[in-house]
Amino acid sequence: MLTRTCHSMRGCKFNTAVPALFLFALLALHRMQVAQGVWPMPQKMIQSSENYPLNPQKFSFQYAEDSVAQIGCSVLDLAFKRYFKLIFPDYSRGNDAGEPFSVVVSVQSGGCDGYPDEDSKENYQMLISEGQGVLVAETVWGALRGLETFSQLVYQDDYGAYYVNQTVIVDYPRFPFRGILLDTSRHFIPVQAILETLDAMAYNKFNVFHWHIVDDPSFPYQSYSFPDLSDKGAFHRFTHVYTQTDIHRVISHARLRGIRVIPEFDSPGHTQSWGKGQPGLLTPCYNGKTPSGTFGPVDPTLTSSYHFMARLFKEVNAVFPDSYIHLGGDEVTFFCWNSNPQVQAFMEKMGFGHDFTKLESFYIEKILNITVALNKTAVLWQDVFDYHENIPKDTVLHVWKGTAQEYNEEMSKMTKAGYRVLLAAPWYLNHISYGQDWHDAYTVKPLNFSGTEKQKKLVIGGEVCMWGEYVDATNLMPRLWPRASAVAERLWSDEEQTFNVSEAYPRLAEFRCRLVRRGIQAEPLFVGYCKHEYQGL
């Protein structure tokens, strides 16, 4: 495999004429068969029956002369090596018969050294013809998506020979935020399992890893400002923690695959593990006039609570480069606050009466002020909006509850109020049922709520949630894949082209086999087999 700048190969020098070239190719091929082998389905993809043999010995990735990315761009240099192995999984040095084939990559703008963010462009165009594939992308992140698509277009015949068909693709994501939440508090997920999840996410064109890193059961995040949080709050202070090195490894692995990493530090509820390493943070519960020995949410009446949070989030801001941070805010129980005489006195002083939603609003507003000062965009679960709390308009709201009718009504209210919204409610894939329940995830219509076009543009995407009550590294991958792939297509592809589950099934079954061959232990969709299903298992 070669990685060099292309100077002389036919069709290698191109820039402003490229869109016209793709339009001409689309028109020329418009009567040809539509390709079936790519998941998620590209926006526009036409493929002819004309195919070209690929010899790994004569295959190369190259940078176009006019590309702003050249040799030394780590994101693409490493992607070329990675995708060569994915495209030719049986590669061994053999004969060099056949014609050369190059995939020529042209990145039109942006750099290679940054991180993907909320404004990253992932659109790309691809033209595959004799001897060459041309991949044009606005940014390196779009180039990564195009390389994944090309890798899925290559196939083998029964004798092991590799081929790719004449193809034209114009592609871009339907939604800019396509996420997967992993809960690493209820069960510790080893770093290697997280990295494998990131690999599978890249194969599916997911672009956000929502790391629900801590919660009531355990605090595995190893803080350098507050080391007691993990020393006393993790399941095990040495074996079940994420060190700063571990976190950097995850973020780096994700970056090279065009995936953002957004941490969640949920409060004031879901913080039982925090209290073990930070005495005085949680609210003491009372039984009458006597402390019961149990604790509730973070104590919102103490200045020390906000000093602690400010230091913790300052650290988190330095560790996680993404501009988003998830602050939680869900499922806050008021029993303990209501039992505590100091909290009751504070409520009276503030004029809150007995409305504990006002106390929660007071707390959330303080936390939001901390993150605003750090130039972070906050994401909050829908509970905060439901309590009519004072939320800045640049906050992203996360819908997680209810039936289709209920979450559609919620999204209608949120977008009418001018907030950006993420949908997760129909995609809690930790819930399982017998049969092909991927159908339910696939047939969700994220914009099927009452509202104007302006409102619907405020839906920035959606998220698969994998909560950890019954999930650890032993069953994470088969529970997640390929069911999450159904969500991947719903969030990337055109809904009208991809809504039919009967038409999707053979493509998803083929893609599931591809995942298995790539080492992802994706569960079967139904009766059948994969040619390469037991390699490496």
Discussion item. I'd like the trypsin sites (Lys or Arg not before Pro) in the stretch 65-107 restricted to DSSP loop residues with at most 10 other Cβ atoms within 10 Å, sorted by number.
Written reply: ARG93
Discussion item. About the Cα centre, and with charges only on the beta carbon of Lys, Arg (+1) and Asp, Glu (-1), how big is the dipole of the chain? Nearest 20 debye, please.
Written reply: 700 debye
Fill in: For the stretch 105-168, the Rg and Dmax computed from alpha carbons only, in angstrom
13.9, 44
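Hey, what D do you get for the stretch 370-429 in µm²/s if you plug the Kirkwood alpha-carbon radius into Stokes-Einstein at 4 °C and 1.567 mPa s?
On the way: Rh = 12.0 Å.
Roughly 108 µm²/s, to the nearest whole number.
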Practice prompt. Please work out the Cα center distance from the stretch 202-253 to the stretch 271-348, rounded to the nearest Å.
Written response: 20 Å
Discussion item. No solvent, one uniform scatterer per C-alpha: report log10 I(q)/I(0) for the stretch 189-281 via the Debye equation at q = 0.11, 0.12, 0.23 1/Å, two decimals.
Written reply: -0.33, -0.39, -1.11
Worksheet entry | Cα-derived Rg to Rh of the stretch 421-537, Kirkwood definition | 1.00
Worksheet item: the stretch 252-372: D in µm²/s via Stokes-Einstein (Kirkwood Rh, Cα pairs, 10 °C, 1.306 mPa s)?
Response: 102 µm²/s
Worksheet item: Between the helical axis of 356-373 and the dominant principal axis of the chain, each derived from Cα atoms, what acute angle in degrees is found, rounded to the nearest 10?
Response: 50 degrees
Practice prompt. List the equivalent ellipsoid semi-axes of the chain in whole Å, largest first, each obtained as the square root of 5λ for an eigenvalue λ of the Cα gyration tensor.
Written response: 46, 23, 22
Response to the item:
In degrees rounded to 10, the 0-90 angle between helix 18-29 Cα long axis and the longest Cα principal axis of the chain is 70 degrees
Practice prompt. Only loop residues by DSSP count here, and only those with at most 10 other Cβ atoms within 10 Å; note down the chymotrypsin sites (Phe, Trp or Tyr not before Pro) in the stretch 290-390 that meet that.
Written response: none
Worksheet item: Rounded, prolate or oblate: which one fits the stretch 467-534, using the alpha carbon gyration tensor with axes a ≥ b ≥ c (rounded when a/c is under 1.5, else prolate when a/b beats b/c, else oblate)?
Response: oblate
Worksheet item: 222 nm [θ] for the chain, helices only, -39500 (n - 2.57) per DSSP H run of 4+, per residue, to 500?
Response: -10500 deg cm²/dmol
Discussion item. With both bridge residues required to lie in the chain, what share of the DSSP beta bridges run antiparallel, to the nearest 5%?
Written reply: 35 percent
Item to complete: Assign unit charges at the C-beta atoms only (+1 for Lys and Arg, -1 for Asp and Glu), then state the dipole size of the stretch 82-185 relative to its Cα centre in Debye, rounded to the nearest 20.
Response: 40 debye
Worksheet, complete the sentence: With the stretch 35-92 reduced to its Cα atoms and the Debye formula applied, log10 I(q)/I(0) at q = 0.13, 0.14, 0.15, 0.17 1/Å amounts to -0.52, -0.61, -0.69, -0.87
Worksheet, complete the sentence: Highest mean packing first, using Cβ neighbours within 10 angstrom, the peptides 507-513, 154-160 sort as 507-513, 154-160
Worksheet, complete the sentence: In whole Å, largest first, the alpha carbons of the stretch 74-124 cover along the principal axes 45, 19, 16
Worksheet item: Dipole of the stretch 439-537 (Lys/Arg Cβ +1, Asp/Glu Cβ -1, origin at the Cα centre): which of THR452, SER485, LEU515 lies farthest to the positive side?
Response: LEU515
Fill in: Cα gyration tensor of the stretch 409-460 - equivalent ellipsoid semi-axes, whole Å, descending
26, 10, 8
Practice prompt. Ratio to report: Rg/Rh of the stretch 423-488, with Cα atoms as the point set and Rh obtained by the Kirkwood method; give two decimals.
Written response: 1.05
Practice prompt. Express the accessible area of the chain per residue in Å², computed with a 1.4 Å probe while the remaining protein chains stay in the model.
Written response: 42 Å²
Item to complete: Given a cut-off of 28 Å, name the pairs among LYS81/LYS376; LYS349/LYS376; LYS121/LYS445; LYS376/LYS416 whose C-alpha atoms lie farther apart than that in the structure shown.
Response: LYS81/LYS376; LYS349/LYS376
Worksheet item: Expressed as an acute angle from 0 to 90° and rounded to the nearest 10, what is the orientation of the C-alpha long axis of helix 303-319 relative to the principal long axis of the chain?
Response: 10 degrees
Practice prompt. Under a cut-off of 18 Å between alpha-carbon atoms, report the aspartates and glutamates in cross-link reach of LYS531, not counting same-chain residues fewer than 8 places apart.
Written response: ASP90, ASP157, ASP158, GLU510, GLU523
Item to complete: Would you compute, for the Cα atoms of the stretch 327-462, the largest minus smallest coordinate along each principal axis and list the three values in descending order, in whole Å?
Response: 53, 36, 27
Practice prompt. Would you mind counting up the charge near GLN436? Only other residues with Cβ under 13 Å from its Cβ, with Lys and Arg at +1 and Asp and Glu at -1.
Written response: -1
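The values are calculated or read from the model by the stated rules, or taken from the named source; none is laboratory data. In this text the structure is predicted, and so the values were computed from the model without any measurement. Note: ideal-geometry Cβ built from the backbone for every residue, glycine included; neighbour counts use all protein chains shown. Note: areas computed on protein heavy atoms with side chains; ligands, DNA, RNA excluded. Shrake-Rupley method; radii C 1.70, N 1.55, O 1.52, S 1.80 Å.
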